[in-house]
1. Between V93 and residues 5 or more places away or on another chain, which pairs have amide H atoms under 5 Å apart, with H built 1.01 Å from N, and which residues are they?
2. Quick query: amide H of G16 versus all other amide H atoms, modeled in the peptide plane; which residues come in under 5 Å with a sequence gap of 5 or more or a different chain?
Amino acid sequence: MAAPDTGPRAQAEADGFVFHTRARFGFAAPAGSSNDPRVRWITQDLPGEVARELFAARDAGAGELQQTVILARALGHAYFRDWGHRAHGLHIVFNDIEFADFSIC
């Protein structure tokens, strides 16, 4: 019987990861709104399900744009929507990525 995988991928898929970025991020909102898209520094814990989705997409040949959409949805859900407790139905803008880094929780 093989030992369970304990590498970084397995750890991220099990425990989640921290996503650090500087990018244009916000809601598609009227100009001047406190949540309109602007360049922000974001550090956000994301759950293992997001890591699994990202790895599955990459393994299936997804490009950078498709993976960015996954990150945008997850980041918007965590950062602006407070894990589904507010800001329902608003479109997240996540582009002009200047920096992105991932670390294991």
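Read the figures in this text as sums done on the coordinates, not as results from a lab. Quantities reported herein were computed from a predicted structural model and do not represent experimental measurements.
1. Excluding prolines and chain starts, which carry no amide H, the hits are G26, F27, A28.
2. G48
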